[in-house]
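Comments concern the structure below.
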Ligand code: FAD
């Protein structure tokens, strides 16, 4: 069967849905293919939804999107085995008419997003896996082959929103295999608790929510982070580390999550809960330097497939939606001018992206993944030193404060040479710049 479309989108995660929605709204004939039973069935996320990126597409999404809690408090923790040192920010300003960040449950959210995509007029086909791209003699992508009896579908352009593995792109020779030191493996559980228990435990009311992001000895010397997010009647808890670190380590992802849940700072928050869901998923964390080619003759890459994640700020879905929207806008503009979807024309996608927070942030943070990978003391030594310093400072034991100050200074000196301390600060400042 050879029905023709203006565009085909591979995948129905946030990037694919944003792209398909934008194309359909502009009146293009668009087909979206998703291998899962329904959109969201295969997707895992913490999950925090950043309103801004979705507002660009669906300004009144708050009317009917399945949102859990809006975030009023952010906790950043560095942890050693028995303690955490935290920076908490809570503000009544986050109780606004149109809150900025929400916790969501991806399976429900993706289903809702997909209903909007269908309303906009796109054809959405689930339980269909794209096996490879179809190209003409010159190599231009002109369609896709699917696992439905090997059927092909033709289109002017294909948007690859297939997620972190980028298998279709890889199989079609558009990109290399994703290197294991540029992806994190995250495991996550949902722990159910009565609403009132969550609210009293986290000091919140109504739809308010709390986010905890954590790093330290919880990742057993590997590069990674842990998190805990409050949903309406559950708590999402998870931890993730770079895949190549897991490969070198004895620790299993599940073992790491068990230990994190049993940490004295986390355990009381989960006490009495019922765990109903366990999931594992990869996160692209290589940043700017790990980005594959983003466009070519007849194709574009969006979302996780393009490594569009800001791991430091734990932003992914918003970059996914923004790249999906901008790729689609590029296609719509060319379509309206009746210009072909050549590599030269699709280069406009990159130009447009360069003007957004997506590329600006990825560029700004380009040195961070390498810094974290080469400087494991960030995850091990420093959290221990911070904890030691706090303990020395807060324990009232008849020792005068000047002596305590000296002791703290000596703890740091004992843990890392003066040169090492200064060097780390300089390296971090450079990477952050
Ligand atoms: P995906 O969501 O992975 O969607 C890809 C889709 O393509 C899937 O539905 C898949 O089934 C389909 N597909 C793949 N191959 C094919 C094929 N060959 N044929 C047909 N369909 C195919 N981001 C945030 O913004 N906030 C967070 O709090 C957050 N927390 C996270 C926590 C965890 C544990 C993880 C793993 C990720 C988290 N992220 C978070 C990142 C975020 O989930 C991703 O950046 C985002 O989902 C990327 O969207 P995407 O559409 O590009 O890819």
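Laid out as a table, the results:
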item	result
Relative contact order (percent, whole number), the chain, Cα cutoff 8 Å, 6+ residue spacing	19
Shape category assigned to region 112-194 from the gyration tensor of Cα positions, a/c cut at 1.5	oblate
Stokes-Einstein D in µm²/s, Kirkwood radius over Cα pairs - the chain at 10 °C with 1.306 mPa s viscosity	69
Relative packing of peptides 185-191, 354-360, 87-93, 158-164 - highest average C-beta neighbours within 10 Å first	158-164, 185-191, 354-360, 87-93
For region 396-424 and region 300-318, distance of Cα centres in Å	39
Approximate spin-label separation residue 342-residue 165, in nm, with each point projected 7 Å along Cα-to-Cβ	3.5
DSSP beta bridge pairing in the chain, given as percent antiparallel to the nearest 5	70
Separation of the residue 380 and residue 351 label points, Cα + 7 Å toward Cβ, nm	4.9
Modelled label reach - residue 192, point 7 Å along Cα→Cβ, region 75-113 residues with backbone N closer than 17 Å	105-108
Label-point separation in nm, residue 147 to residue 56, each point 7 Å along Cα→Cβ	3.2
Using alpha-carbon coordinates, inclination of helix 106-119 to the longest axis of the chain, degrees	30
Gyration tensor verdict on region 93-251 (Cα atoms; rounded if a/c is under 1.5, prolate if a/b is larger than b/c, oblate otherwise)	oblate
Region 370-432 pair-distance distribution - Cα-Cα, 10 Å bins, rounded %	20, 45, 26, 8, 1
Helix 418-432 axis, angle to the chain major axis (alpha carbon atoms, nearest 10°)	30
Fully extended contour minus Cα-Cα distance, from residue 76 to residue 419, at 0.36 nm per residue	120.8 nm
Contact order normalised by residue count of region 181-284, Cα under 8 Å, 6+ apart, percent	43
Cα centroid of region 189-210 to Cα centroid of region 29-86, whole Å	17
Modelled FRET efficiency - R0 45 Å, residue 118 with residue 430, Cβ distances, 0.05 increments	0.40
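We did not get these values from a lab; they are worked out from the coordinates using the rules stated. Fair warning: this is a prediction, and the values are worked out from it, not measured in the lab. Cβ sites come from the backbone with ideal geometry, for glycine too, and all protein chains shown count toward neighbours.
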